[in-house]
Each structure stands twice: as structure tokens, then as C-alpha cells.
Amino acid sequence: MIRIALALAMLPLPCLAQQVSDAALAECQTQHETYTEVVDCLPPMETAHRMLAAVESEAVFAPAAAHVLPWCRSNNDQTLAVWSCVRSAIFEADNLLKMVRDPSRIQDERFAKIASPGASERLWQLLHEARREFGPEVMQIVPDVNYFK
């Protein structure tokens, strides 16, 4: 009985046992001095790094990667702000696409370049995976974001 309790106590908690990238850790340590601040910073930072990597590599996000990501990177200094900018643009484009169905109905020519059926659903799927891994902190609100215009 004691052995079982000890074995269970040694199992890592799922949200605390995850490995984070060196890039996320370095960025959190640059922005924060204490380890307690770093531990709070890591879930949303690692999520931002993973989401931006997915946007750059997955075909469903190709329009956003080509047109939104460069703008968001050039207008935001921190990874969390870049991610918030990209996420917002993808969700807004998807919402508008669902309303109008045909991108040619929108006068802003950038919309047709960004609208990608399925991008929003895939983004939600990735965010839910991150939330299962790191907890609700992955959906943190980021102040001072320059959103895609």
C-alpha cells in the first residue's frame, strides 16, 4: 500500500511535466527576474511559440503565414503579442468568411488572401491541446498588442 502511494506521488502532474522550448524559456527569463514569474510566463509563451510554428508550417495556415505573420512580427516586439495578433486575424477572417461565404464579396483585398476554410477550427484544436498540456493559462490576455490592420 505504501509502495503504491509512493509510486503515485512520484508521478508528475500532466501540466507540470511538460518540456518547454529553449526559446520560450529564454524569453520568459529575459522578461522576468524570479522563478515564480518565469513559471507563470512559460505556459502562454510556449503555446505562442508552438502556435506560431504551426502557422508557419501547416498548409491550412498558409494564407495567414504569408500575409499576416510578417505584419504582426514587424509591428509587435514580443512573441506573445505576435501570437495574439496572428490569432486574432485568423479568427476574425474565419468569422467574416462564415458570414459572407465568398471572399470576393469583401472589398478589402487582403481578406481574400487571409481567409482560409478550416484555419479557425485547426487553431482551436491546437489551442485545446495546449490547454490540456499546460492548463488555462495558455489563453492569457496580452496587453499592448498591435493587431493586424
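With (1) among the acidic types (D, E); (2) in contact (Cβ under 8 Å) with a residue 12 or more places away in the chain; (3) out of contact with any Ser or Thr (no Cβ under 8 Å at 6 or more places or on another chain) as the list, and D94 as the residue in question, which single condition is left unmet?
For D94, the failing item is (3).
Can you pull out every residue in segment 109-122 that is under 21 Å from W71 (Cβ atoms) and modelled with pLDDT of 90 or more?
Residue satisfying the conditions is R122 alone.
Do you know which residues across segment 7-25 are surrounded by fewer than 14 Cβ atoms within 10 Å (Cβ to Cβ), under 16 Å from F134 (Cβ atoms) and modelled with pLDDT under 65?
P12, L13, P14, L16, A17
Only residues that are in contact with a Ser or Thr (Cβ under 9 Å, 6 or more places away or on another chain) and under 20 Å from V142 (Cβ atoms): list them for segment 54-64, please.
F61, A64
This table checks each residue for (1) crowded, with 16+ Cβ neighbours inside 10 Å; (2) of a type outside the set (K, R); (3) modelled with pLDDT of 90 or more.
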| site | (1), (2), (3) |
| --- | --- |
| E27 | yes, yes, yes |
| S57 | no, yes, yes |
| Q78 | yes, yes, yes |
| Q107 | no, yes, no |
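List every residue pair whose Cβ atoms sit under 9 Å apart, with the two residues 6 or more apart in sequence or on different chains, where the first one lies in segment 22-49 and is assigned to a helix (DSSP H, G or I) and the second, anywhere, is surrounded by 17 or more Cβ atoms within 10 Å (Cβ to Cβ) and among the hydroxyl-bearing types (S, T, Y).
From residues that are assigned to a helix (DSSP H, G or I), the pairs are A23/T79; A24/T47; A24/T79; E27/T79; M45/T79; A48/T79; A48/S84; H49/T79.
Do the conditions hold for D77, that is, is it closer than 26 Å to Q31 by Cβ, acidic (D, E) and touching a residue at least 40 places away in the same chain (Cβ under 8 Å)?
It is false that D77 is closer than 26 Å to Q31 by Cβ, acidic (D, E) and touching a residue at least 40 places away in the same chain (Cβ under 8 Å).
The values are calculated or read from the model by the stated rules, or taken from the named source; none is laboratory data. All values derive from a computational prediction rather than experimental measurement. Because the Cβ atoms are built from the backbone with ideal geometry, glycine has one as well, and the counts that use them run over all protein chains shown.
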